[in-house]
Structure formats: C-alpha cells, structure tokens
Amino acid sequence: MESREIRQRFLDFFVKHDHKVVPSASLIPTDPSVLLTTAGMQQFKPYYIGQADPFKDFGSKNVVSIQKSFRTSDIDEVGDDSHLTFFEMLGNFSFGGYGKQEAIKLVHEFITQELKLKIDYVTIFSGDGQVKKDEESKKIWQDLGIKDVRECGRADNFWGPTGSEGPCGSTTEIYVNGIEIWNLVFNEYYCRTDGALEKLSMFGVDTGMGLERLAMVGQEKKNIFETDLFAPIIADLPASIIDEKTKRIIADHLRAISFLITDGVTPSNKGAGYVLRRLLRRVIAGNHDVAPMIGLVVDNYQTFYPELNQPKILKIFDEEKTKYSEALRNGLRELEKLSKIDTITAFKLYESYGLPFEVIKDHYPDLSRAEFEKEFERHQAVSRAGIVGKFTGGLADHDSKTIKLHTAHHLLLASLQQIFGKQIKQRGSNINQERLRLDFSFDRKLTDEEKKKIEELVNQKIAEDLPVTKKEMSK
Ligand code: SER
C-alpha cells in the first residue's frame, strides 16, 4: 500500500465515522510552549479546555488531520530505523464527542480491518499516586480480543506538556511488528505548571500515528527509509555519500529543511531558526552535491503539500551555503593562529564561526566532546538568565528618558516595516536611560543608505511632534 493511499484511507475512514477533515497547521506553532509543531493536538488545545467551540469552527466535535510535525528531541536519533526530525502525523481528535470505548474501537478497526495488520500488543497506564490505573481501556482491548495488554508508568503512558501547562492524560499505545505505531491520549485533566492536575469538564481524545512508521509496517520494510516516502530520495543521493547512516540523515534533513523553509522558518542563531541552521549545515558540511535532491523531495510531496516552495527552499539553501563557507574559512584561519586550545576557546570558535567540534578536534585530538557539551549547556543557561535579566530591567525602568527611548524604539520598528515590509518582526529589545536596542531578523546587512533612510524617517516623525494619547480599552 503506497503512502499516498494510506493517507487517503485514513482520512476517508474517519470521515465515514463522522469526523471533519482539518488541514495541517503550520510547523511554526501558535502554541508558545513549543518551538515547532510536534503533534496534531497542538492546534486543537483550545478545544480541549473549552476555550473554543469545535462546532462553530469545524461543524463537528470530532476531527481528523494529517499534521506536519517536527521533533527536535529526536535529531540525534536520526539514522536508526525509525526516528526522524520531520514526520507526518495521522490523528483523530474528539472534544467531548466520544470516550475510550469508541476511540479504541475506531483505531482497532482501522488497523485490523482497514489495513489488515496484526496488533502484537497494546500498553495502558499502570497508575500512580496521582492518577489511577486505566482498567477501563484494558477491558475494552481484552473484549476486542487483544490478549497481550501491558502496563506502563508515567514515562511511557502519560501525555502532557513538559515545563508548561495544558491538557493531559493517560495513554494507550498500539504495537505492530515490534514498533509503537499509534498513541491514543485521553485528555481528562489540565496539567498546571506546578504539576497539579485538574479534572477537565469535557473528555478529550487525541490520537497520533506517524505515517512513516505505518508505511514501514504496511509495506513490510525493515526501516522507514526503505518505504516509498524515502526510497526515491535515498536512491538518487550522490554516489559520494557512501555511509548508510549519512544517507539517512541527509534524506531526513533535506525533507525537513524543505518543509521548515516553506512554512516560513529562516536560518538564525536562535529558536526554530537555529534548528533549521543546524540541519542545513549538517547537510552542507559533507560537501556533497545535494541541492538537486530538493527538487526530488518537492516532486515526491507536492501532490499532498502543494505549498512546497522550491525556489524559496533553494534560495535559502544557497545563501546558507555561502554564509557557512565564509564562516568556516574565517574560523579555520583563527584556529590555525592558535598554538594550543582548551574547551572554552574551542566553544568560542564554534559559537563565533560555526566551526564544528569535529573540525576543531581534527587539529586537537585531545579535546573532549563531553567537556564541550558541558560548555554549550553552561552557555545556554547564561544566555537564558541574560534574557530574563533584560526583560525585568526594561519593564521596571519607567523614568522619562527610558520612556522616550521606548517610543523611539516603536518608531524605529515602524520605519523598518515601512521600508522593508511587515515581515520585519521584533525579536527582542533592550532599553535603558542611555540607549535602545532593537533585535530583528533580516537576511542581510543593511546598507549605509538604508540606515540613513530609516534614521530620517524616525527623525521626521519625532519632528512632527505627533500627539501621544492614552486610552483604556476593553480586552
Ligand atoms: N499527542 C500524542 C502524540 O503526539 C497523540 O497524538 O503522540
């Protein structure tokens, strides 16, 4: 069964069972608790907690989607048989439309009747001090003839937000040919940031099944890279890529890069932009001629994802390639000037020039990766603390000079947007009595002429001495 057909049968099956199809949300999430969209349920969070009305928005309490998803937590696992960064997640969702009985019955029917696959075993939540064991799901599975029902704890069979708040609950998972293919979450609680659980007034169902894993078992392949979702890409990779794991990494990353760029992520040194930069540089670093493969990715996926924007992907790919080789050249020059190196210097070379640890280690074989990683983590903690400090400084500082500079900061942002368009977004700012700073993303340096134009525009608005008014409005 081709993956194209699996997608269609999945949607058709749930439509037949009174679900409405909802298009995939962007990989750039509206949910601030995640860097990138990691699951189908993210766009539906407000419906589980009664903040939005599914009837009004979808005409049904039950919906089905195929969600573009990205898991940064799996980047280092890519290359094995079943992990990916970008993947497509098939899911059905219910906001008070049905409970455990119906949810389990539906997924069981889809796997065993529609796809004719055999379930090896399922897992249910074993219970703990906070939430009791899910006896109900166990019984439903047993009544459907599944004898092997295994019990697992919170780490495996409980879904919820990490480090933030949101709907959560116990899960039951389906295993076929030894791999987990489908995860059913029963959103019965609201998890608060302090870990306390509040019972939700509505019973929610959120299921997720990776298309690639399903294709792997459905097409009887040994790994996801042998499925029709990847095989054409792997087959056409340049002959210079010999190592099997490298082939898999490049195929995964090229696909992920294409979707991230299409959804509007641009390479940068933080957040989602940094994730994209990491993937791009991993692909570029090997010096293989992989740009033509982007066309293949687009060909393979465009029927289902017409938004894939090949010219934009290629443009960003080429720009990053130029930036990276420039940075590498400068970094190598610096590295060669040194007569010895310690972890901190190595990290500085990495941070300033993007010089990979491996390249530095080639020159200094005694360097330890563990020490380097520790330095990386330390640095991240320091910059996080820095951000917090900046925010409190800026918010607490309300003397008249700071207020003036704050107004000037808005004029600066408005001028940038007037000249370069609304895509200029503020990424941060820091204002005190003496100066203001505005961070924004843009793909090149501003020319002196442009800077002058911006300055003139800001000064012109200041000279106009526009009235500043204050008004209280409803939320
Ligand atoms: N939210 C769950 C998951 O992503 C089920 O969709 O696994």
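The values are calculated or read from the model by the stated rules, or taken from the named source; none is laboratory data. None of these values were measured; they are calculated from a predicted model. Positions of Cβ are generated from backbone atoms using ideal geometry, with glycine treated the same way; all protein chains shown enter the neighbour counts.
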Could you list, in sequence order, the residues of the stretch 231-253 that are free of Cβ contacts under 8 Å to residues at least 40 places away in the same chain and not in a helix (DSSP H, G or I)? 239, 242, 243
Which one of the conditions (1) basic (Lys, Arg); (2) modelled with pLDDT under 90; (3) within 30 Å of residue 68 (Cβ to Cβ) does residue 312 fail to meet, given that it meets all the rest? (2)
So, residue 88, is that one within 16 Å of the ligand (Cβ to nearest atom), at pLDDT below 95 and not aliphatic (A, V, I, L, M) or not? no
Being within 27 Å of residue 146 (Cα to Cα), in contact with a helix residue (DSSP H, G or I) (Cβ under 9 Å, 6 or more places away or on another chain), of a type outside the set (D, E, K, R) and surrounded by 19 or more Cβ atoms within 10 Å (Cβ to Cβ) narrows 90, 117, 84 down to just 90
Please find, within the stretch 198-218, the residue that is nearest to residue 160 (Cα to Cα) out of those that are among the small types (Gly, Ala, Ser) and not in a strand (DSSP E or B). 215
With 449, 455, 434 as the choices, which residue is in a helix (DSSP H, G or I), touching a helix residue (DSSP H, G or I) at 6+ places or on another chain (Cβ under 9 Å) and loosely packed, with under 13 Cβ neighbours inside 10 Å? 455
Tell me whether the stretch 19-27 contains one or more residues that are within 19 Å of the chain's Cα centre (by Cα) and without any contact (Cβ under 8 Å) to a residue 24 or more places away in the chain. no
Residue 18 fails exactly one of (1) away from the ligand (no atom under 16 Å from the Cβ); (2) in contact with a Lys or Arg (Cβ under 8 Å, 6 or more places away or on another chain), namely (2)
Flagged in the stretch 187-205 as within 27 Å of residue 139 (Cβ to Cβ) and more than 10 Å from the ligand (Cβ to nearest atom), in numbering order, are 188, 189, 190, 191, 197, 198, 199, 200, 201, 202, 203, 204
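Conditions (1) in contact with a helix residue (DSSP H, G or I) (Cβ under 6 Å, 6 or more places away or on another chain); (2) within 16 Å of the ligand (Cβ to nearest atom), marked per residue:
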{"position": "207", "(1), (2)": "no, yes"}
{"position": "219", "(1), (2)": "no, no"}
{"position": "242", "(1), (2)": "no, no"}
{"position": "247", "(1), (2)": "yes, no"}
{"position": "250", "(1), (2)": "yes, no"}
{"position": "270", "(1), (2)": "no, no"}
Where residues in the stretch 451-475 are of a type in the set (A, V, I, L, M) and in contact (Cβ under 8 Å) with a residue 40 or more places away in the chain, which of them is nearest to residue 410 (Cα to Cα)? 458
